[in-house]
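Just below is one structure, and these are the notes that go with it.
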Amino acid sequence: MSAESTPSRQGKRRRGLRAAAWTAVGVVALGGAGAGYLYVKLNGNIESLDIDRILGADRPEKADNGSENILVLGSDTRSGDNGKLGGGADGGSARSDTAMIVHVHEGRKKASVVSLPRDTVVDRPECTGADGVTHPAASGVMFNSAYATGGAACAVKTVESLTGLRLDHYLEVDFTGFQKLVDELGGVEVTTGKDIDDPDSHLRLEAGTHRLDGAQALGLVRTRHGVGDGSDLGRIQLQQAFVKALVRQVEEVGVLTHPKKLYDLADTATKAVTTDSDLGSVNSLMAFANGLRDITPANMHMITLPVRYDPADGNRVLVRETEAGQVWDALRKDDPIPGSVTRNTAKGGAKDVVDTA
């Protein structure tokens, strides 16, 4: 483990995929409706981190317009059981393999989601990890290195510095929890417009409609080399499409009439999700989740941070500052994100691989 790696107790917090976090919240909301007598057990499943205490007062002001911003984090760790699912070796530290800002608009009927490419070159501010170690600022580093440096708190501070937005909450889900959630939901149906064959993510799908089990779903949201231009931007497009399919499945599963399924889903979700301390109880998580239940896939506007490929390194992307500024300004005002911001951004070439209709 490197000198700047966070303690092993944070390893569990660093596993996951952003798609699963949204679903975990929805499942907890369903679970709480019929499993209140199991509160103590479910409450004990949840891990949380006091982000507010770690970051202190040097943060953007909270919005006073009824909206909320949630940072959903995942990581590329291969430690523990996730090593069997991650498709790679455990390098001793984790980076935020995937990340998105979920902006819940006033009224809780709509959400705007901005995916943050892991390979984006950013200036990371000075930050303190959960272990109390302060790490100096760094310029021109990849976004996902912030998490490896100081854990979730450093990632939150980096995003707030990049966007000027106050993040009200953060969520994470691990690989194994993601797989179990999809399996307990009975799989998730997607339609692929092209064949997918990616040995790195252990996924092979012919074009057509499929009900993916947990292992296949994990392969899909981790697929990179088998679609589009092979970049992380293409993988993000697959993840965004899968998030919509996943939310749709939660809506349709009908667990409220099946108490055992309801409890199994709630149990898995609370074990899989790690939150900030404000959401670190079943009651808090349920209240928050209930506020998201009216947001349908059709009311989720999903984009990728406007970027361009780095001419000095094709494996890196640079923020398109003007367009990104328009995104952050819209979210700050709780306005819709202008469609023009992504007109000239790097895309990834995988938009139509999975149908989102």
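Annotations for the structure displayed:
- Restricting the stretch 22-71 to residues that are part of a helix (DSSP H, G or I) and among the charged types (D, E, K, R), the residue that is modelled with the lowest pLDDT: K41
- S284 vs. criteria surrounded by 16 or more Cβ atoms within 10 Å (Cβ to Cβ), among the hydroxyl-bearing types (S, T, Y) and without any contact (Cβ under 8 Å) to a residue 12 or more places away in the chain: yes
- Looking only at the stretch 281-324, residues that are more than 26 Å from D123 (Cβ to Cβ) and part of a helix (DSSP H, G or I) come to 12 in all.
- Residue list for the stretch 103-136, restricted to those being touching a Ser or Thr at 6+ places or on another chain (Cβ under 8 Å) and either assigned to a strand (DSSP E or B) or of a type in the set (S, T, Y) (or both): H103, V104, V114, S115, V122, D123, R124, C127, T128, T134, H135
- Residue match in the stretch 145-155 (condition: of a type in the set (F, W, Y), surrounded by 24 or more Cβ atoms within 10 Å (Cβ to Cβ), in contact with a Gly (Cβ under 7 Å, 6 or more places away or on another chain) and within 25 Å of N45 (Cβ to Cβ)): no
Let's see how each residue does on (1) under 20 Å from the mean Cα position of the chain (by Cα); (2) surrounded by 24 or more Cβ atoms within 10 Å (Cβ to Cβ):
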position: S112; (1), (2): yes, no
position: D131; (1), (2): no, no
position: M142; (1), (2): yes, no
position: T158; (1), (2): yes, yes
position: D174; (1), (2): yes, yes
position: V182; (1), (2): yes, yes
position: G193; (1), (2): no, no
position: E206; (1), (2): no, no
position: L218; (1), (2): yes, yes
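- Within the stretch 212-257, restricting attention to residues that are acidic (D, E) and in a helix (DSSP H, G or I), the residue that is nearest to A99 (Cα to Cα) is D232.
- All conditions but one from (1) open to solvent by less than 20 Å² (accessible area, probe 1.4 Å); (2) modelled with pLDDT of 90 or more; (3) closer than 25 Å to V353 by Cβ apply to R316; the one that does not is (1).
- All conditions in (1) open to solvent by 60 Å² or more (accessible area, probe 1.4 Å); (2) of a type outside the set (A, V, I, L, M); (3) within 16 Å of I70 (Cα to Cα) hold for E321, with the sole exception of (3).
- Any pair with Cβ under 9 angstrom, 6 or more apart, that starts in the stretch 292-307 at a residue that is without any contact (Cβ under 8 Å) to a residue 12 or more places away in the chain and ends at one that is outside any strand (DSSP E or B): A298/K244
- Residues (farther than 21 Å from D119 by Cβ and acidic (D, E)) located in the stretch 173-232: D174, D183, E184, E189, D195, D197, E206, D213
- Among the candidates T176, T163, T149, T134, residue that is more than 14 Å from I51 (Cβ to Cβ) and in contact with a Phe, Trp or Tyr (Cβ under 9 Å, 6 or more places away or on another chain): T163
- Note on the stretch 335-357: residues that are open to solvent by 30 Å² or more (accessible area, probe 1.4 Å) and either part of a helix (DSSP H, G or I) or among the acidic types (D, E) (or both) total 6.
- Residue check, L292 surrounded by 14 or more Cβ atoms within 10 Å (Cβ to Cβ), closer than 20 Å to T98 by Cβ, touching a helix residue (DSSP H, G or I) at 6+ places or on another chain (Cβ under 8 Å) and at pLDDT below 85: yes
The values are calculated or read from the model by the stated rules, or taken from the named source; none is laboratory data. Bear in mind that the values here come from a model prediction, so they are computed numbers and not experimental data. Note that each Cβ is placed from the backbone with ideal geometry, even for glycine, and that neighbours are counted across all protein chains shown. Ligands, DNA and RNA are excluded from the accessible area calculation, which covers all protein heavy atoms including side chains. Shrake-Rupley method; radii C 1.70, N 1.55, O 1.52, S 1.80 Å.
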